[in-house]
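Working notes, beginning with the structure itself.
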Amino acid sequence: AFTVAGRIDDFAIIPANSIAAAMTALMAQNLGAHKYDRLNEGFKSGMIIEIIYGIATGLICIVFSGGLMRIFSDDASVIELGKTYLGIIGFFYIMPALTNGLQGYFRGIGDLRVTMWSSFMNIGVRVVAAAVLVWGFGFGIGSIAVASFIGWIAMFMYELPILIKTAKRHAYEK
């Protein structure tokens, strides 16, 4: 069930990664040209697109989870477990949208340390959260979705203060 739901999850996340890649190019070009107002405007526009995409994808996964699962499996138990996973993760798709956008920003301004450490943090927190939820509390497949959300929150909380500090620095460079 997780493998099938994971395919759908991958299809849901890949466009958000592509939006972030476009943001990376936009950030880099405007930073190089010292067009900080365009850098900020591009970042805001990119984040709006990411947020709209995250909400729309989440709603699709929540509303159509059964139909999406049936694309890949006709096993009723697999479909039910996958619906549980998609029904939970769908509420959280706003977080990868936000974190992908922030990753695009930091890659674009050339601060790859932030993207590396926040990715490590996301994975580390996600693994620990999954272990606690599965082994500590005995939760099922939904715990993987919740652990992903917790990892994205950790990533976001690491990146947000750095974004604010960096944005202020670029505001002074105008």
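The values are calculated or read from the model by the stated rules, or taken from the named source; none is laboratory data. Quantities reported herein were computed from a predicted structural model and do not represent experimental measurements. Neighbour counts run over all protein chains shown; Cβ positions are idealised from the backbone, glycine included. Only protein heavy atoms, including side chains, enter the accessible area calculation; ligands, DNA and RNA are left aside. Shrake-Rupley method; radii C 1.70, N 1.55, O 1.52, S 1.80 Å.
Loop-located chymotrypsin sites (Phe, Trp or Tyr not before Pro) across segment 77-174 with a Cβ neighbour count of 11 or fewer within 10 Å are 137, with loop assigned by DSSP.
A crude spin-label estimate for the pair residue 29 and residue 166, with each label 7 Å from Cα along the Cβ direction, gives 1.9 nm. In terms of the Cα gyration tensor, with a ≥ b ≥ c the square roots of its eigenvalues, is segment 56-149 rounded because a/c is under 1.5, prolate because a/b exceeds b/c, or oblate? The shape class here is oblate.
Taking segment 3-28 and a reference point 7 angstrom along Cα→Cβ of residue 74, the backbone N atoms nearer than 19 Å belong to 4-5. Remark on residue 93: its backbone amide H falls under 5 Å from none of the residues 5 or more positions apart or on other chains, H modelled at 1.01 Å from N. Could you tell me which of rounded, prolate or oblate describes segment 83-136, using a ≥ b ≥ c as the square roots of the eigenvalues of the alpha-carbon gyration tensor, with rounded for a/c under 1.5 and, failing that, prolate when a/b is larger than b/c and oblate otherwise? Note, shape of segment 83-136 comes out oblate. The order of the peptides 123-129, 28-34 by mean Cβ neighbours within 10 Å, most packed first, is 123-129, 28-34. For the chain, the mean residue ellipticity at 222 nm estimated from helices alone is -29500 deg cm²/dmol, where every DSSP H run of n ≥ 4 contributes -39500 (n - 2.57) and the total is divided by all residues, rounded to the nearest 500. Starting from the Cα of residue 132, step 7 Å toward the Cβ, then list every residue of segment 152-171 with an amide N under 12 Å from that point. So the set is 154. Looking at segment 1-104, the accessible area is 49 square angstrom per residue; that uses a 1.4 Å probe and ignores ligands, DNA and RNA. The trypsin sites (Lys or Arg not before Pro) found in segment 1-81 that occupy coil by DSSP, while having at most 16 further C-beta atoms within 10 Å, are 35. Ignoring ligands, DNA and RNA, what percent of the 1.4 Å accessible area of segment 1-155 is carbon and sulfur? Ligands and nucleic acids excluded, carbon and sulfur give 71 percent. Sorted largest first, the spans of the alpha carbon positions of the chain along the three principal axes are 58, 32, 18 Å.
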